[in-house]
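Remarks on the structure that follows.
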Amino acid sequence: MTESRLYIEGGRKICGEIGVHGAKNSVLPVLAGALLSGGVCRIHNCPELSDVYASCRILRSLGCRCGREGDVLEVDARSISDYEISEGLMREMRSSIVFLGAILGRLRRCRLSFPGGCELGPRPIDIHLSGLKKLGARISEDHGVLDCSFSGAVTGADITLPLPSVGATENIMLAAVIGSGETVIRNAAREPEISDLAEFLNACGASISGHGSSTVSIKGVGGLHGCEFSVMPDRIVAATYMGAAAITGGELMLRGVRPSDMYSTVSVYEQMGCSVYPYSDRIYISAKKPLCAVKTLRTTPYPGFPTDCQPIVMAVLTRAKGTSVIVENIFENRFRAAPELLRMGADIKAEGKVAVIEGVPKLSGAATVAADLRAGAALVVAGLAADGTTAVSNLNYIDRGYESIETALRSIGAKIRRA
Ligand code: UD1
């Protein structure tokens, strides 16, 4: 079978109005939370992404039932029959590690294979494991398989994270919800997706407070139940469409977004010279003037500028007049779009954590390869502004985080097809 590619004919302005689907980074922990609930959860605004399907395969392998009707995913977790996730399923998606806290919280035992490194460089789980140990989990590792168990009820712990890891905060929250006593997570991640998970768990009967701040408190409860919940909008997808409008000199109204979660990203597009107007659940962006460089852009944990938006903004900056500097502080290997953007005529020097981008007057279409999810999206964004045709392969990465990106972009004026 030949692999499909996206073909983008650049040079068309991105204009119009577009809705933004539910957040991948919220729905994955919420699906793990559905397993923990032990009830029937109806999850609205659930995007159709390959990572969501991978999560459903994990849920089914453990004995849950998952069914989709439109954008609603129903998970019936009343009976689960297994506490082990196979190596094959674990390898499909690195973020499956979030099932560890959920299975452990529900069944007091969980076995799964150690998630390996990933495209973004090594992604250790030491903070997840030391947090779970503080909660009282016994953890052993044998030939890459983790076996975790609680011998009794979770009685609460005071846990200070060495850095505000999103996944570790989620795993500790999930493992601590059912039990007695209070767990406090200090230096917790403050990302909006953490708050979404906390609100989902509270809708299932949990008692979590402080989410969104760096101190999260979890009062153990006797059990949870199912709920109806709507997943927050995907702020990275929103930033990608904003990038598409910015780089093509277009004008776009994004619907179904939460501008309050996106201040740092909005500010970067403003620094480039775009006009951005946030409304309660919409953002308007217009790029009438030529783009200008951004002096220094540093990725930091929320509320700072998100690492996931960095490759997309890098692609836009290739066309911004002047010199931009990006410092990537979260992941080691997050300039993977750069060599492909060079093939398109960009001028980028990337070394270690720092990339220096000299804006160029034009990009040219080229055959490119997506090296990871956001690097792939960055190439699509660059392709929209390049002369001629850009081909992007390795679409399995892009499909992990964007619901049919070509259909979405076509609806706002792009000439893009999958073949
Ligand atoms: C999540 C997001 C990802 C985003 C990232 C940072 C999901 C599914 N993924 O990933 O899209 O880019 O947050 O906002 O929500 N670290 C350790 N030890 C640990 C855990 C993390 O050293 O035990 C390090 C990582 O290597 C990385 C940094 O901490 O350098 C941040 O990672 P973390 O916040 O945990 O990211 P993820 O939860 O993996």
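The values are calculated or read from the model by the stated rules, or taken from the named source; none is laboratory data. Every value quoted in this text rests on a predicted model; they were computed, and no experiment measured them. Every residue, glycine among them, receives a Cβ derived from its backbone with ideal geometry; neighbour counts consider all protein chains shown. Side chains included, ligands, DNA and RNA excluded: accessible areas come from the protein's heavy atoms. Shrake-Rupley method; radii C 1.70, N 1.55, O 1.52, S 1.80 Å.
Taking 0.36 nm per residue of sequence separation and removing the Cα-Cα distance, the Ser140/Glu270 pair yields an extension gain of 41.9 nm. Across the stretch 313-321, rounded Karplus estimates of 3J(HN,Hα) from the backbone phi angles (6.51 cos²θ - 1.76 cosθ + 1.60, θ = phi - 60°) give 5, 4, 4, 5, 5, 4, 9, 8, 5 Hz, Gly and Pro being marked x. Computed from Cα positions, the angle between helix 373-385 and the longest principal axis of the chain comes to roughly 20 degrees. Peptides 185-193, 307-315, 144-152 ranked from most to least packed, by the mean per-residue count of other Cβ atoms within 10 Å: 307-315, 185-193, 144-152.
To the nearest 0.05, how large is the calculated FRET efficiency for Ser404 and Tyr53 if R₀ is 22 Å and r is the Cβ-Cβ distance?
Working: r = 14 Å, r/R0 = 0.62.
The value I calculate is 0.95.
In the chain, helical runs assigned H by DSSP with n ≥ 4 each contribute -39500 (n - 2.57); averaged across all residues and rounded to the nearest 500, the mean residue ellipticity at 222 nm is -9000 deg cm²/dmol.
Rounded to the nearest 5, what is the percent of antiparallel bridges among the DSSP beta bridges in the stretch 264-419?
Working: 14 of 23 bridges.
Percentage antiparallel, nearest 5: 60.
Which residue fluctuates the most in the chain, going by a Gaussian network model with Cα springs under 10 Å, if the choices are Ala137, Ala367, Ala238? Looking only at Ala137, Ala367, Ala238, the biggest GNM fluctuation is shown by Ala367. DSSP bridge analysis restricted to the chain gives an antiparallel fraction near 70%, rounded to the nearest 5. For Arg5, nonlocal amide neighbours, meaning residues 5 or more places apart or on other chains whose placed amide H falls under 5 Å from its own, are Ala419.
Pairs of lysine residues in the chain that meet both criteria, 8 or more places apart or on different chains and Cα atoms under 21 Å apart, total 20.
Taking the 0 to 90 degree range and rounding to the nearest ten, how far is the long axis of helix 192-203 tilted relative to the main principal axis of the chain, both from C-alpha atoms? The two axes meet at around 40 degrees.
Taking θ as phi - 60° and the Karplus parameters 6.51, -1.76 and 1.60, the scalar couplings of the stretch 158-171 work out to 10, 10, 10, 7, x, 8, x, 6, 5, x, 5, 4, 5, 5 Hz in sequence order, x denoting glycine and proline. Remark: the stretch 24-230 carries 37 Å² of accessible area per residue (probe radius 1.4 Å; ligands, DNA and RNA excluded). When only the Cβ of Lys, Arg, Asp and Glu is charged (+1, +1, -1, -1), the dipole of the stretch 24-230 relative to its Cα centre reaches about 460 debye. Each of His44, His225, His21 has its accessible area taken with a 1.4 Å probe; listed largest first, they run His225, His44, His21. Model label sites at Tyr279 and Glu87, defined 7 Å from Cα along the beta-carbon direction, differ in position by 5.3 nm.
Explain nothing, just the number: relative contact order of the chain, from Cα pairs under 8 Å at least 6 residues apart, as a whole percent. Intermediate results must be reported in sequence, preceding the final value.
Working: 1067 pairs, mean separation 86.7, N = 419.
Computed value for the chain: 21 percent relative contact order.
In whole percent, what relative contact order does the stretch 254-348 give with Cα contacts below 8 Å and a gap of six or more residues? Provide the component values of the computation, followed by the final result.
On the way: 133 pairs, mean separation 22.4, N = 95.
It comes to 24 percent, rounded to a whole number.
Taking the accessible area of the chain, probe 1.4 Å, and keeping the other protein chains in place, the carbon and sulfur fraction comes to 49%.
For the chain, a crude dipole built from +1 on the beta carbon of Lys and Arg and -1 on the beta carbon of Asp and Glu, taken about the Cα centre, is about 560 debye to the nearest 20. Comparing Tyr302, Tyr277, Tyr269 in a Gaussian network model of the chain where C-alpha atoms under 10 Å apart are linked, the largest mean-square fluctuation is found at Tyr277.
Note on Thr155 and Asp387: with the Förster distance fixed at 56 Å, the Cβ-Cβ geometry gives a FRET efficiency of about 0.30. Between Glu84 and Arg111, the built amide H atoms are under 5 Å apart, and every one of these is 5 or more places off in sequence or on another chain. Remark on Asp372: its backbone amide H falls under 5 Å from none of the residues 5 or more positions apart or on other chains, H modelled at 1.01 Å from N.
Note on exposure: Thr300, Thr390, Thr155 ranked by accessible area (1.4 Å probe, complete protein assembly) read Thr155, Thr300, Thr390, with the most exposed listed first.
Which FRET efficiency, nearest 0.05, do Arg65 and Val354 yield, Cβ-Cβ r, R0 35 Å? For Arg65 and Val354, the calculated efficiency is 0.10. At a threshold of 8 angstrom on Cα-Cα distance, excluding pairs fewer than six apart, so keeping six or more, what relative contact order does the stretch 24-230 reach in percent? Relative contact order, the stretch 24-230: 22 percent.
With the simple spin-label model, which puts each label point 7 Å out from Cα in the Cβ direction, the Val327 to Ser209 separation comes to 3.7 nm.
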